[in-house]
Amino acid sequence: MLKLNDIETIKRAIRVDHNLDDDLILNVYLPAAQRQIKAAISLDEKDYSFFESNSVYNLAVLNTLAHHYDNRSSTTDTPKQEVPLSSLTLIQALRGDLEKWRAENVEVDTDGLE
C-alpha cells in the first residue's frame, strides 16, 4: 500500500527527482491536497477511518498534489485547470464508496426512535 508520509514515494509518484522541495511537498502541498480531497467528500469526523489505507483516496491526493506542484508558477504558456479532471473522477468514485462504507461501518443511533 502506498504511504503518503514517505517523501521518496511521493516524489517518485509525482516525478520529482531532486530534494529542493521536500519540505514544501511534505508540509504544504501534501496537507493541502489531503484537505482538498477530504473536503470534497466529507468533513465528518466519523468518516476519517474511511480515508485510512484507501488506495483511491491516496491516488486522488497524489494526483491533486502533482497538479498543484506542477502548476505552482503564476505564469504559464498553457491553459490551467483548477482541478484535474482525473481528480474529479476519483472524487466522484470516493463519494459513492463512502456511502457504501457508511452503510457497512457506521452504526445508526436508534435511541429515541419508536
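The values are calculated or read from the model by the stated rules, or taken from the named source; none is laboratory data. Keep in mind it's a predicted model, so treat the numbers as computed, not measured. No Cβ is skipped: glycine too gets one built from the backbone with ideal geometry, and neighbour counts run over all protein chains shown. We work out accessible area using only protein heavy atoms, side chains counted, and drop any ligands, DNA or RNA first. Shrake-Rupley method; radii C 1.70, N 1.55, O 1.52, S 1.80 Å.
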query = Of all the residues that make up segment 7-42, how many are acidic (Asp, Glu) and exposed (fewer than 14 other Cβ atoms within 10 Å of the Cβ)?
reply = 3
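Residue by residue, here is whether (1) part of a loop (DSSP other than H, G, I, E, B); (2) more than 19 Å from Ile91 (Cα to Cα); (3) at pLDDT 90 or above; (4) not hydroxyl-bearing (Ser, Thr, Tyr) holds:
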| site | (1), (2), (3), (4) |
| --- | --- |
| Leu2 | yes, no, no, yes |
| Arg12 | no, yes, no, yes |
| Asn19 | yes, yes, no, yes |
| Ala33 | no, no, yes, yes |
| Ala39 | no, no, yes, yes |
| Leu43 | yes, no, yes, yes |
| Lys46 | no, no, yes, yes |
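Residues are listed down the side, and each one gets a yes or a no for (1) part of a loop (DSSP other than H, G, I, E, B); (2) small (Gly, Ala, Ser); (3) surrounded by fewer than 13 Cβ atoms within 10 Å (Cβ to Cβ); (4) modelled with pLDDT of 90 or more:
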site: Ala66; (1), (2), (3), (4): no, yes, no, yes
site: Arg72; (1), (2), (3), (4): yes, no, yes, no
site: Gln81; (1), (2), (3), (4): yes, no, yes, no
site: Glu104; (1), (2), (3), (4): no, no, yes, yes
task = Give me the pairs, please: first residue somewhere in segment 83-103 and basic (Lys, Arg), second residue anywhere and open to solvent by 70 Å² or more (accessible area, probe 1.4 Å), beta-carbon distance under 9 Å, and either six or more positions apart or on two chains.
result = Arg102/Lys46
